[in-house]
Amino acid sequence: MAASHIKVTPSGASLGASVTGVDLSKPLNADEVAAIRAAWLEHLVLAFPGQPMSHEDLERFTQYFGPFGDDPFIAPIEGHPHIIEVKRAADEKASVFAAAWHSDWSFQDTPPAGTILHSKITPPVGGDTLFCNGYAAYEALSEEMKARLEGLEAIHSAALAYAPDGVYGENDAKDRSMTIRAAPEARNTKSHPIVRIHPETGRKTLFINPGYVKTVKGLTDEEAFFLLVELYGVTHDERFVYRHKWQSDMLLMWDNRCTQHMATGGYDGHARLMHRTTVAGP
């Protein structure tokens with residue numbers, strides 16, 4: 001009851017909740033951090049409305065939940081090596097950044113546990129972020145499919161997005177306000193189990209995403225394609241999706257270990273700016 005002033009209101013969707021009664025611009029005590037972590041693990045995505053925050057506030061809040069993760073391929077802001085800008089100019093013509101289902105940096109040896117995003121400039125229309133629940137998707141699978149997935153590993157890579165010839169590669173840079181650093185290293189691969197056991201909750205979740213998964217280890221490309229399409233059809237079913245609507249000075253944190261997310265557009269002619277940190281995985 002030491003953090004009883006913190007109110008958690010579920011979104012009504014398969015995941016997501018709003019958190020009020022706490023000021024993130026001030027240091028939190030251990031009970032407050034524990035309450036937020038418990039809510040995060042339960043609801044997977046937490047929104048904190050009405051939270052004006054400095055760079056230092058964002059950095060301090062992030063470190064309550066673990067050390068900073070490594071953010072490759074995107075330049076940090078000056079003087080703050082763990083904060084990156086997710087921005088789009090009002091007159092920008094490039095494609096909307098991150099407008100495909102993905103789990104942040106799943107191609108890393110140890111993908112980040114979480115991502116934290118703080119809104120600075122919010123357009124009056126559009127710009128929602130979609131999230132899906134990997135726990136619920138796994139639990140919705142048939143027993144036959146669950147058995148089939150045991151022991152299978154997906155091969156993850158950042159090549160499609162961040163290789164020099166990728167979506168955000170050299171041809172894209174001139175039209176984009178974000179400072180993205182495409183590199184040949186994006187073509188490296190890493191295998192992770194398709195069915196992952198969450199290290200904190202012990203629950204099974206689907207750990208795949210179309211943004212970074214290339215194929216499935218041990219299957220032909222055709223076999224992998226049809227398996228992944230079937231799994232994505234379940235994962236992205238509207239029953240398991242939460243649509244987040246942004247407000248200015250809102251902080252959002254999500255669990256990359258059991259969710260996917262994607263940006264949406266619909267705000268052409270309006271600027272959008274977010275500051276982002278990641279929490280390292282275990």
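The values are calculated or read from the model by the stated rules, or taken from the named source; none is laboratory data. If you're wondering where the values come from, they're calculated on a predicted model, not measured in any experiment. Here the Cβ positions follow ideal geometry from the backbone for every residue, glycine too, while neighbour counts run over all protein chains shown.
Given (1) under 27 Å from residue 123 (Cα atoms); (2) touching a Gly at 6+ places or on another chain (Cβ under 6 Å), where does residue 6 come up short, assuming only one miss?
For residue 6, the failing item is (1).
Those residues that are touching a residue at least 12 places away in the same chain (Cβ under 8 Å) and surrounded by fewer than 17 Cβ atoms within 10 Å (Cβ to Cβ), I need them from region 194-209; list them, please.
Of everything in region 194-209, those that are touching a residue at least 12 places away in the same chain (Cβ under 8 Å) and surrounded by fewer than 17 Cβ atoms within 10 Å (Cβ to Cβ) turn out to be 199, 200, 201, 203.
Conditions first: (1) free of Cβ contacts under 8 Å to residues at least 60 places away in the same chain; (2) surrounded by 15 or more Cβ atoms within 10 Å (Cβ to Cβ); (3) not small (Gly, Ala, Ser). Residue 225 passes all but one, so which condition is the exception?
Unmet for residue 225, out of (1) free of Cβ contacts under 8 Å to residues at least 60 places away in the same chain; (2) surrounded by 15 or more Cβ atoms within 10 Å (Cβ to Cβ); (3) not small (Gly, Ala, Ser): (2).
Quick check on region 15-23. Is at least one of its residues among the hydroxyl-bearing types (Ser, Thr, Tyr) and surrounded by 14 or more Cβ atoms within 10 Å (Cβ to Cβ)?
Restricting attention to region 15-23, the residues satisfying the condition of being among the hydroxyl-bearing types (Ser, Thr, Tyr) are 18, 20.
Narrowing the set further to residues that are surrounded by 14 or more Cβ atoms within 10 Å (Cβ to Cβ) leaves 18, 20.
Looking through region 15-23, at least one residue is among the hydroxyl-bearing types (Ser, Thr, Tyr) and surrounded by 14 or more Cβ atoms within 10 Å (Cβ to Cβ).
For the condition touching a Leu at 6+ places or on another chain (Cβ under 9 Å) and under 25 Å from residue 136 (Cα atoms), what is the one hit in 243, 276?
Working: 276 fails: under 25 Å from residue 136 (Cα atoms).
That would be 243, the only listed residue that is touching a Leu at 6+ places or on another chain (Cβ under 9 Å) and under 25 Å from residue 136 (Cα atoms).
When region 1-14 is examined, which residues are found to be surrounded by fewer than 19 Cβ atoms within 10 Å (Cβ to Cβ) and hydrophobic (A, V, I, L, M, F, W, C)?
Those that are surrounded by fewer than 19 Cβ atoms within 10 Å (Cβ to Cβ) and hydrophobic (A, V, I, L, M, F, W, C): 1, 2, 3, 6, 8.
Step by step: first the residues of region 28-53, then only those that are surrounded by 12 or more Cβ atoms within 10 Å (Cβ to Cβ) and in a loop (DSSP other than H, G, I, E, B), then the one that is nearest to the chain's Cα centre (by Cα). Which residue is that?
At the first step, the residues of region 28-53 found to be surrounded by 12 or more Cβ atoms within 10 Å (Cβ to Cβ) are 28, 31-53.
Filter once more, keeping what is in a loop (DSSP other than H, G, I, E, B): 28, 44, 49-53.
Working: 28: 24, 44: 10, 49: 18, 50: 21, 51: 20, 52: 21, 53: 20 Å.
Selected residue: 44.
Report every pair of residues separated by at least 6 positions or lying on different chains whose Cβ atoms are under 6 Å apart, first residue within region 255-282 and over 20 Å from residue 74 (Cα atoms), second assigned to a strand (DSSP E or B).
As it stands, the answer is 255/114; 258/205; 259/131, since those pairs meet every condition given.
Report whether or not residue 243 is over 30 Å from residue 61 (Cα atoms), basic (Lys, Arg) and at pLDDT 95 or above.
no
Name the pairs: first residue in region 59-74 and under 26 Å from residue 97 (Cα atoms) and in contact (Cβ under 8 Å) with a residue 24 or more places away in the chain, second residue of a type in the set (Asp, Glu) and in a helix (DSSP H, G or I), Cβ to Cβ under 9 Å, at least 6 apart or on different chains?
68/59; 72/185; 73/185
Is there any pair linking a residue in region 114-133 that is on the phi < 0 side of the Ramachandran plot to one that is of a type in the set (Lys, Arg) and surrounded by fewer than 17 Cβ atoms within 10 Å (Cβ to Cβ), with Cβ under 7 Å and at least six apart or on different chains, and which?
Short answer, once both residue conditions are applied: 128/243; 128/245; 130/243.
Please work out which residue is farthest from residue 180 (Cα to Cα), limiting yourself to region 89-118 and to residues that are of a type in the set (D, E, K, R) and surrounded by fewer than 21 Cβ atoms within 10 Å (Cβ to Cβ). First the steps, then the outcome.
Taking region 89-118 as the starting set, the residues that turn out to be of a type in the set (D, E, K, R) are 91-93, 104, 109.
Still in the list and also surrounded by fewer than 21 Cβ atoms within 10 Å (Cβ to Cβ): 91-93, 109.
Numbers: 91: 18, 92: 15, 93: 16, 109: 21 Å.
It comes out as 109.
All but one of (1) surrounded by fewer than 19 Cβ atoms within 10 Å (Cβ to Cβ); (2) under 30 Å from residue 26 (Cβ atoms) hold for residue 61; state the number of the condition that does not hold.
(1)
Identify, by number, the condition in (1) part of a loop (DSSP other than H, G, I, E, B); (2) within 30 Å of residue 34 (Cα to Cα) that residue 137 doesn't meet.
Residue 137 satisfies every listed condition except (1).
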